[in-house]
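Working notes, beginning with the structure itself.
Read-outs: derived from the displayed coordinates by stated rules, not from any lab. Keep in mind the model is a prediction, meaning the values are calculated, not measured. Methodologically, a virtual Cβ is constructed for each residue, glycine included, from the backbone with ideal geometry; neighbour enumeration extends over all protein chains shown.
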Amino acid sequence: MVPQLVEGRKTDTQCLVLAEQIAAVTQLFIVFRGSDSERDWGINLNFRQAAAEYFKQEVVKEAILEEKQQVYPYPGRSQSGAKMHQGFVDAYASVRDAIHEVIQTHPATRVAVAGHSLGGAVATLCAVDLQYNFGPKFGIISAGARAMEPAPTSAEGAAQTADGAIQTADGITLYTFGSPRVGNGGFRESFNRRVPQSFRFVYGMDLVPTFPRPWQNYSHVDQEYRLGQRLRFDFITRRFQDHKIENYIDALRAEAREAGVLEAEDLVGVRAQRW
């Protein structure tokens with residue numbers, strides 16, 4: 001597959017979609033660019049939440065959206081009370097139909113979704129939307145319209161739902177870096193059940209993950225992983241400097257080297273690029 005750039009021009013949202021053959025498994029990678037333009041920051045600062053009903057079938061092309069598909073969270077079935085950041089919803093909706101088209105036509109059985117800053121928030125919406133619409137394609141058996149309750153993890157590493165259905169943990173994986181909060185408590189709980197393979201990295205005193213505020217009815221999704229130093233004497237300037245993607249890359253690269261995951265020569269091609 002030739003790497004494909006997907007753009008939502010009205011919202012200035014971009015993501016790169018590419019595929020890689022890993023052993024016998026074909027995996028898709030969907031990477032969302034971070035906040036870069038004034039329009040992006042306008043989206044970041046639009047803290048008004050959209051109820052689940054915002055995602056209606058009209059936001060995607062009829063040729064792509066089949067009757068068996070529903071847009072997460074589907075208003076006729078969702079009991080989660082999920083609400084999401086209006087700006088992030090708009091950003092994802094602008095590229096959603098193109099992403100669905102790739103998913104429908106590509107034979108990949110796994111997908112990794114990633115993003116930095118605003119891109120991390122949009123990636124979060126993308127991951128749960130793909131689980132909702134394409135779960136079986138990625139080896140996920142969900143409980144459908146029935147409410148899913150948290151339950152102990154099985155020996156095979158799969159989260160089990162209240163009615164006995166198994167929701168595998170490796171079909172869809174999310175990686176975010178310096179992502180703001182995306183939705184309310186209802187969204188967080190629904191997301192955590194649907195996308196258990198979620199890695200939310202926060203570097204040092206990065207300011208962006210502290211927004212929108214909890215008192216604005218926003219909550220972070222799981223699972224948080226801290227990088228770098230959290231307490232610095234220059235904390236005022238660090239709160240902005242720590243948001244740079246270069247910090248995240250350097251910190252992860254250092255941890256990987258310390259753990260022996262990557263050899264020195266494997267790191268030569270890694271460059272800090274703002275997506």
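Structure notes:
- Residue order, fewest to most beta carbons within 10 Å, for Ser117, Ser198, Ser219: Ser219, Ser198, Ser117
- By average C-beta atoms within 10 angstrom, highest first, the peptides 200-213, 3-16: 200-213, 3-16
- Where labels lie 7 Å past Cα in the beta-carbon direction, separation of Leu18 and Ala254 in nm: 2.6
- Here Val17, Val89 are placed in order of increasing Cβ neighbour count within 10 Å, fewest first, which gives Val17, Val89.
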